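K.L.:
Here it is: the structure, laid out below.
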Amino acid sequence: MGIFEFFGNMKSKLVNKARAAASPKKTFKFENLPQNLDELKAMPEAALTDPFDTAALTVCALCVCAKEREKGVEMLNFLRGPRPLSPRDVSFLNDRFMDGQDYVPRSYFSGATPANDYTPSVPYELTVKSNQYSDDNVNYKKLFVQSGGADSLRAIIMRKAADGRWMLWEQELLSGIRQKQSENPWA
């Protein structure tokens, strides 16, 4: 490796490190989670002017979806704006919650761990984070949340609409996590 390559690599690493350090995060506290579309729309975050707000409301909507699919789908469709869930998307949600894994969305709130069967602390607290790659595209923002039952962060992708609102584009929150302790034969 030549000296110019060495310094070029060092510069790249320093820039990425600086971007990561400057990456914002936003913590949300909810006394109650919305139970339907009207309650979701009444929340100040429902203006969807901040991608962090859209990400937080996505977790809330998935919590409802786990228990009452139709109400949750209505909420997700609101967050998706002009691009509602397709029948395939709804089928995916049905599949994810079929085996009683309704605790997966709750696992993103503070205090929810396998040891307490993913019972979050109240008020419900959720931290949404960005990283050095979150702003790679001006019209999209990739944000992350941590599950109490997973080792890595999970992504939520938003797309900026023509009216300036940040709409849910894609979520990667329903992947498997550690079992609840009460259901784990190895615990």
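K.L.:
Within region 96-116, which residues are of a type outside the set (Ser, Thr, Tyr) and either modelled with pLDDT of 95 or more or touching a strand residue (DSSP E or B) at 6+ places or on another chain (Cβ under 8 Å) (or both)?
P.N.:
VAL104, PRO105, ARG106, PHE109, GLY111, ALA112, PRO114, ALA115, ASN116
K.L.:
A follow-up question, please. Taking region 31-65 on its own, how many of its residues are among the polar types (S, T, N, Q) and assigned to a helix (DSSP H, G or I)?
P.N.:
Matching residues across region 31-65 total 2.
K.L.:
Looking at region 67-84 only, could you name the residues that are crowded, with 17+ Cβ neighbours inside 10 Å and assigned to a loop (DSSP other than H, G, I, E, B)?
P.N.:
Once the filter is applied, which keeps residues that are crowded, with 17+ Cβ neighbours inside 10 Å and assigned to a loop (DSSP other than H, G, I, E, B), region 67-84 yields only GLY81.
K.L.:
On to the next question. Restricted to region 149-187, and to residues that are of a type in the set (Gly, Ala, Ser) and touching a helix residue (DSSP H, G or I) at 6+ places or on another chain (Cβ under 7 Å), which residue is modelled with the highest pLDDT?
P.N.:
GLY149
K.L.:
Considering only region 86-104, state which residues are assigned to a loop (DSSP other than H, G, I, E, B) and surrounded by fewer than 18 Cβ atoms within 10 Å (Cβ to Cβ).
P.N.:
Matches in region 86-104: SER86, ASP99, GLY100, ASP102.
K.L.:
Hey, another quick one. Can you tell me which residue among VAL64, VAL104 is under 22 Å from PHE144 (Cβ atoms) and touching a Gly at 6+ places or on another chain (Cβ under 6 Å)?
P.N.:
On inspection, the qualifying residue turns out to be VAL64.
K.L.:
Report, by residue number, each residue of region 86-106 that is touching a Phe, Trp or Tyr at 6+ places or on another chain (Cβ under 9 Å) and among the hydrophobic types (A, V, I, L, M, F, W, C).
P.N.:
VAL104, the sole residue that qualifies.
The values are calculated or read from the model by the stated rules, or taken from the named source; none is laboratory data. Computed from a predicted structure; not experimentally measured. FYI the Cβ positions are ideal-geometry reconstructions off the backbone, even for glycines, and counts take in every protein chain you see.
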